[in-house]
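S.K.: Before anything else, here's the structure in question.
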Amino acid sequence: MFSLRFFTLLFCSALFTIVSGQNWYTVEWDAPSFTALSGDMVVPKLPQPGGTPYVWPGVQSGDGVLQAVLDGRSGTWWIGDGFFGTPSLPWGNGFNVNPGDTVHFSFTLSGSSTWTCTLSSNGKSASTTLNITGSTMNRAIFAAELYDVPFNFGPIVYRNVQITATTPASQWCGSTAHLGSYPFTVSGNTASGNTCRIASITQNNA
Ligand SMILES: *[C@@H]1O[C@H](CO)[C@@H](O)[C@H](O)[C@H]1NC(C)=O
């Protein structure tokens, strides 16, 4: 359903233009093991019809990615939680949203494998519990994953982001990586205990 970057990057090719093929635009943090991620996503404009735009925050392991996917394939935005990888799990719950809406999302690990995922926006809410066994989430990702869609519908804005790991945030909060050549800003990082707070992440048009 949702392609993982470590599979799909193999097929990225300079032969394709920006509106043909797939393009990734991410901001990422790495830590040995993440246990929670939350924040507010401001829903961007709808991309032009015809392609497949996925915009998501999530956490990734070597086996898959747990993500709140804003899916624009149908010409409207729908956001829902799910885990794409191994084990193969049914996709979770979600709802339609409109450009400009703010969606609060959270992923929280309890025990060794139970992830509780929540979404809420303008009185709508969805909750999904996933038993993701054998997955150590070592990357937090904010992604625009685009198939035959140019990234001209930004900015994608996240506010009040909190990422928690099993290790002190001072070791990883200030260090970001990214995929894609595009302008983005990350502001207001503060490390407190094992939690990294980020005031805002802005992913601008490529
Ligand atoms: C999660 O799945 C594993 C493997 O199927 C199972 O052993 C375990 O009991 C499950 N945990 C919960 C909380 O359902």
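A short reminder: the numbers here are calculations on the coordinates, not readings from a lab. Quick caveat, the model's predicted, so the values are computed rather than measured. Neighbour counts are summed over all protein chains in view; Cβ atoms, including those assigned to glycine, are modelled from backbone coordinates with ideal geometry.
S.K.: Could you give the size of the charge dipole of the chain about its Cα centre, using +1 on the Cβ of each K and R and -1 on the Cβ of each D and E, expressed in debye and rounded to the nearest 20? Working shown, then result.
M.R.: Values: 7 positive and 9 negative charges, 38 e Å.
The calculated dipole for the chain is roughly 180 debye.
S.K.: Of the listed peptides 42-48, 159-165, what is their order by residue-averaged count of other C-beta atoms within 10 Å, with the highest listed first?
M.R.: Working: 42-48: 17.7, 159-165: 20.0.
Those peptides, ordered most packed to least, come out 159-165, 42-48.
S.K.: For region 94-206, rounded, prolate or oblate, judged on the Cα gyration tensor with a ≥ b ≥ c (square roots of eigenvalues), a/c < 1.5 rounded, else prolate if a/b > b/c?
M.R.: oblate
S.K.: Further question on the same structure: Kindly state, to the nearest 0.05, the FRET efficiency for SER200 paired with TRP91, given R0 = 30 Å and r defined as their beta-carbon distance.
M.R.: Calculated value: 0.55.
S.K.: Suppose each label sits 7 Å from its Cα in the direction of the beta carbon; what would the ASN152-THR76 distance come out to in nanometres?
M.R.: 2.5 nm
S.K.: Moving to a separate point now. Quick one: what are the phi-derived ³J(HN,Hα) couplings along region 58-70, Karplus 6.51/-1.76/1.60 with θ = phi - 60°, whole Hz, x for glycine and proline?
M.R.: The phi angles translate into x, 10, 10, 10, x, 10, x, 9, 9, 8, 9, 9, 8 Hz.
S.K.: Looking at region 76-203 only, what percent of DSSP beta bridges run antiparallel? Nearest 5 please.
M.R.: Bridges in region 76-203 are about 100 percent antiparallel.
S.K.: Right, something else. What does the charge count near GLN22 come to, summing +1 for each Lys or Arg and -1 for each Asp or Glu among other residues with Cβ under 9 Å from its Cβ?
M.R.: Numbers: positive: none; negative: GLU145, ASP148.
Local net charge: -2.
S.K.: Sorted by packing (mean other beta-carbon atoms within 10 Å per residue), highest first, where do 90-97, 26-33 land?
M.R.: The packing order, highest mean first, is 26-33, 90-97.
S.K.: Take region 33-93, compute every pairwise Cα distance, and split them into 5 Å bins from 0; I just need the percent in each bin.
M.R.: Bin by bin from 0 Å, the calculated values are 4, 17, 24, 23, 17, 10, 4, 0.
S.K.: Here is a follow-up. Can you report the principal axis dimensions of region 63-148 using only the alpha carbons, biggest first, rounded to whole angstrom?
M.R.: Principal-axis extents of region 63-148 (Cα, largest first): 36, 33, 21 Å.
S.K.: Once the cut-off is 21 Å, how many percent of the Cα-Cα pairs in region 5-203 end up in the long-distance tail? Working shown, then result.
M.R.: Numbers: 9720 of 19701 pairs.
Of the Cα pairs, 49 percent sit more than 21 Å apart.
S.K.: Per-residue ellipticity at 222 nm for the chain, helices alone: DSSP H runs ≥ 4 residues times -39500 (n - 2.57), over residue total, nearest 500 deg cm²/dmol?
M.R.: My calculation for the chain gives -500 deg cm²/dmol from helical runs alone.
S.K.: With θ taken as phi - 60° and the coefficients 6.51, -1.76 and 1.60, list the Karplus ³J(HN,Hα) couplings across region 91-98 in order, rounded to whole Hz; mark glycine and proline as x.
M.R.: Calculated HN-Hα couplings, in order: 5, x, 8, x, 7, 6, 9, 10 Hz.
S.K.: Turning to a different aspect of this structure: Would you please give the FRET efficiency between ASN122 and ALA191, computed as 1/(1 + (r/R0)^6) with r the Cβ-Cβ distance and R0 = 35 Å, to the nearest 0.05?
M.R.: 0.65
S.K.: So what is the relative contact order for the chain, in percent, with contacts set as C-alpha pairs under 8 Å and at least six apart?
M.R.: That works out to 28 percent.
S.K.: With a 10 Å radius around each residue's Cβ, average the other Cβ atoms per peptide and rank 69-78, 50-59, highest first.
M.R.: 50-59, 69-78
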